[in-house]
Amino acid sequence: MPIFSEELLNAATNNDPNALAELDARGFLCGKDEDRTAYVNRLRTLQKNIATMSDALAHNGFYDIEGLKLNQADMIAPRFFHEVKATCERLYAFSIDWVPGFFIDPSFSLLFGGCAFYFYPDFFAVFIIRRSFKQKDRWLIYRRQELLAHELCHVARIGLGSTTYEESFAYQTAQSPFRRLLGGLFHRQQDSFLFLGVTFLLLAAQILRTQFMPGLPIWPFWSLLAAVVAWLAARHGYYCRLFNKALKTCARLAGDNAMPVLFRSSDQDITALAAISNDDDARNWLAKRRETSLRWQVIHARFCSRK
């Protein structure tokens with residue numbers, strides 16, 4: 001079954017505001033610098049790619065994507081998407097039920113909860129979560145609903161090319177205030193590797209000191225770990241302040257819809273929005289962005305025009 005009709009895509013190509021708003025509400029957010037032609041072509045490619053995968057699953061029972069084997073028997077049923085529909089709509093005014101998802105335990109699955117695989121500009125996306133969530137809604141600190149909503153946020157924002165605020169948005173779906181506050185600490189995978197690297201370096205030094213080198217000074221390793229944590233915390237605090245300032249500007253433009261507007265903003269947009277301090281400047285900035293940005297035209301039509 002097609003994700004969307006040809007009539008809907010043609011209407012979007014012709015700049016029909018209702019069609020563009022419908023696509024946005026279904027999690028097909030406009031890309032950072034896309035015009036209508038590029039946007040619709042990307043959606044056509046997405047539909048073609050998912051249809052190819054669906055045919056392979058139906059005929060072969062599996063589909064291989066960059067070495068990851070996806071089995072039809074492991075597909076996430078629609079009812080699981082319904083569990084997180086209200087969360088995504090409440091926070092960010094979108095709902096996704098079209099992206100393929102699978103219950104899989106990959107080879108690196110010791111503490112694995114879930115992750116998304118997405119390819120831009122083809123906009124081909126799948127996501128996987130731990131197999132145990134097929135039968136229960138919690139494993140260790142993870143909840144199935146939280147993981148699903150988290151990954152769907154990443155899927156919706158594929159076209160924005162975000163790194164700075166990506167995890168901050170996704171972690172707002174968490175039930176824990178602690179995870180909502182600190183979830184954006186690591187911007188990239190390299191940040192996690194850096195933290196784990198200095199942690200294991202400290203552990204190795206402790207083992208060496210205990211077993212072989214009792215005179216080995218341990219304070220340099222603690223200092224290195226403290227420096228990395230301090231840097232991550234300071235960076236996170238700085239970007240949290242920008243995030244909150246930008247959210248206040250979005251409230252000037254969209255009232256109660258401030259968070260959905262910010263969710264559709266690029267990292268560069270958030271920096272610019274954070275620098276605005278009054279209503280007139282906010283309206284002028286939005287007017288200029290609408291002149292050249294399809295994304296901000298859709299944002300205005302959905303969230304700002306009735307403010």
### Task
Classify the chain as rounded, prolate or oblate, taking a ≥ b ≥ c as the square roots of the eigenvalues of its Cα gyration tensor: rounded when a/c is under 1.5, otherwise prolate if a/b is larger than b/c and oblate if not.
oblate
### Query
Extension gain residue 287-residue 256, at 0.36 nm per residue separation less the Cα-Cα distance, in nm?
9.2 nm
### Query
Over segment 163-233, what is the mean sequence separation of C-alpha contacts under 8 Å (at least six apart), divided by residue count, expressed as relative contact order in percent?
27
### Summary
Ranking 82, 59 from most to least accessible area with a 1.4 Å probe gives 59, 82
### Summary
The relative contact order of the chain, taking Cα pairs under 8 Å that sit 6 or more residues apart, comes to a percentage of 17
### Task
Treating only the Cβ atoms of Lys and Arg (+1) and Asp and Glu (-1) as charged, compute the dipole magnitude of the chain about its Cα centre; round to the nearest 20 debye.
840
### Query
In whole Hz, what ³J(HN,Hα) sequence does segment 273-281 give by Karplus (6.51, -1.76, 1.60; θ = phi - 60°), x for Gly and Pro?
5, 5, 7, 8, 10, 8, 5, 4, 5
### Task
Could you calculate the FRET efficiency of residue 216 with residue 91 from 1/(1 + (r/R0)^6), where r is the beta carbon distance between them and R0 is 51 Å, rounded to 0.05?
0.55
### Task
Multiply the residue separation of residue 41 and residue 305 by 0.36 nm, subtract the distance between their alpha-carbon atoms, and state the gained length in nm to one decimal.
92.3 nm
### Query
Where the accessible area of segment 158-307 is counted over protein heavy atoms with a 1.4 Å probe, how much of it, in %, is carbon and sulfur?
60
## Note on the structure
Looks like segment 125-183, by Cα gyration tensor root eigenvalues a ≥ b ≥ c and the a/c under 1.5 rounded cutoff (else prolate when a/b is bigger than b/c, oblate otherwise), is oblate
### Task
Identify, among 80, 5, 30, the residue whose Cα sits farthest towards the positive end of the charge dipole of segment 1-88, taking +1 on the Cβ of Lys and Arg and -1 on the Cβ of Asp and Glu, with the dipole about the Cα centre.
80
### Message
Under the 0.36 nm per residue contour assumption, what length would be gained going from the current alpha-carbon distance of residue 115 and residue 175 to full extension?
### Response
19.8 nm
### Query
Cross-link partners among aspartates and glutamates for residue 69, C-alpha distance below 18 Å, same-chain residues fewer than 8 apart left out?
55, 105
### Query
Roughly how many Å² is the accessible area per residue of segment 8-86, as a whole number, for a 1.4 Å probe?
51
### Query
Roughly how tilted is helix 36-60, in degrees to the nearest 10 and between 0 and 90, from the longest Cα axis of the chain?
70
### Query
Roughly what would the spin-label model give for residue 105 and residue 75, points 7 Å off Cα along C-beta, in nm?
2.4
### Message
Given axes a ≥ b ≥ c from the Cα gyration tensor, I'd like to know whether segment 113-228 is rounded (a/c under 1.5), prolate (a/b larger than b/c) or oblate.
### Response
prolate
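The values are calculated or read from the model by the stated rules, or taken from the named source; none is laboratory data. Owing to the predicted nature of the structure, the values given are computational and were not obtained by experimental measurement. With ideal geometry, Cβ positions are generated from the backbone for all residues, glycine too; neighbour counts draw on all protein chains shown. Ligands, DNA and RNA are stripped out before the accessible areas are found, and what is left, the full protein with its side chains, is counted by its heavy atoms. Shrake-Rupley method; radii C 1.70, N 1.55, O 1.52, S 1.80 Å.
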